[in-house]
Every structure is written in C-alpha cells, then in structure tokens.
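The values are calculated or read from the model by the stated rules, or taken from the named source; none is laboratory data. Fair warning: this is a prediction, and the values are worked out from it, not measured in the lab. Backbone-built Cβ (ideal geometry, glycine too); neighbour counts: all protein chains shown. Note: areas computed on protein heavy atoms with side chains; ligands, DNA, RNA excluded. Shrake-Rupley method; radii C 1.70, N 1.55, O 1.52, S 1.80 Å.
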Amino acid sequence: MPRSVNHVASRAKRKRILKLTRGYYGARKNVWTVAKNTWEKGLTYAYRDRRNKKRNFRSLWIQRINAAARLENMSYSTLMGALHKAGIEINRKVLADLAVNNPEAFKAIVEKVK
C-alpha cells in the first residue's frame, strides 16, 4: 500500500506562513525554512516587546514630568514625594499629559503641593 501523506494540509500551512512573511528582505520572504524561522523569531520579539512597551512609556512619562517640574523649580522625585504626602492620587500617564498639553493645570498641581 502506498504511503499516505496529507499534501493539501502541509502545502496550505507553508502558503499561510509564506503569506505572513511577504515584504521581508531577501530569502526571508520566499525560502520556506528561512521564512519560517524569521516568522517564529518575529513572534518572540512581539511577545517581548509588548512588555517592553510598558517600560518605555513609563520612562517617557517620567522624563516629561521631570522636565515640566524643573520649570517650576522642583525635581521629579520631590514632586512625586509631595504629591504622595498631599494625598493626590494622579498617575504618571495623566501627569505627563497635563505637563505637555495643559501646562497651567500642571502648574496648579505643583502650586498645590508646594
């Protein structure tokens, strides 16, 4: 009896992954083993960077708050300590947004904690 191989399914799987690697450079888009490895590596980068994105944004917010606080003659750490002591519950994302888009509101918050 001849060997039974499901060529339809294996071909469909290859086509699906090669379709996902369209636009990649060189052999990464059309050589099966290279494309498969590149695609798998891309998934691990995506997983990792979904977590790194959170770190990067927190770092950006802190830099923006620090820059705005220094315009008010206050450092980031003293501002955050004063906010905590005053019992003002405002997160860094909102504080950074105020610092960039609404400087007078940020200034009012700084004056309140001074």
Could you work out what % of the accessible surface of the chain is carbon and sulfur, using a 1.4 angstrom probe and leaving DNA, RNA and ligands out of the count? 54 percent
What are the extents of the Cα atoms of the chain along their three principal axes, listed from largest to smallest and rounded to whole Å? 87, 29, 20
Quick one: Karplus J couplings for the range 18-26, per residue in order, coefficients 6.51, -1.76, 1.60, θ = phi - 60°, nearest Hz, x for Gly and Pro? 5, 5, 5, 9, 4, x, 6, 7, x
Could you please report the charge total around Asn91, scoring K, R as +1 and D, E as -1 over all other residues with beta-carbon less than 15 angstrom from its beta-carbon? +3
Taking Rh as the Kirkwood radius computed over C-alpha pairs, what is the Stokes-Einstein D of the range 57-114 at 37 °C in a medium of viscosity 0.692 mPa s, expressed in µm² per second? 300 µm²/s
Pairs of Cα atoms under 8 Å, at least six residues apart: use those to get the relative contact order of the chain, whole percent. 17 percent
Distance between modelled label sites at Asn37 and Asn73, nm, 7 Å Cα→Cβ extension: 6.2 nm
What are the ³J(HN,Hα) values, in whole Hz, obtained from phi via the Karplus relation 6.51 cos²θ - 1.76 cosθ + 1.60 with θ = phi - 60°, for each residue of the range 56-63 in sequence order, with x given for Gly and Pro? 4, 5, 4, 4, 4, 4, 5, 4
Using a Förster distance of 41 Å, how high is the FRET efficiency between Asp49 and Val94, based on the Cβ-Cβ distance and rounded to 0.05? 0.95
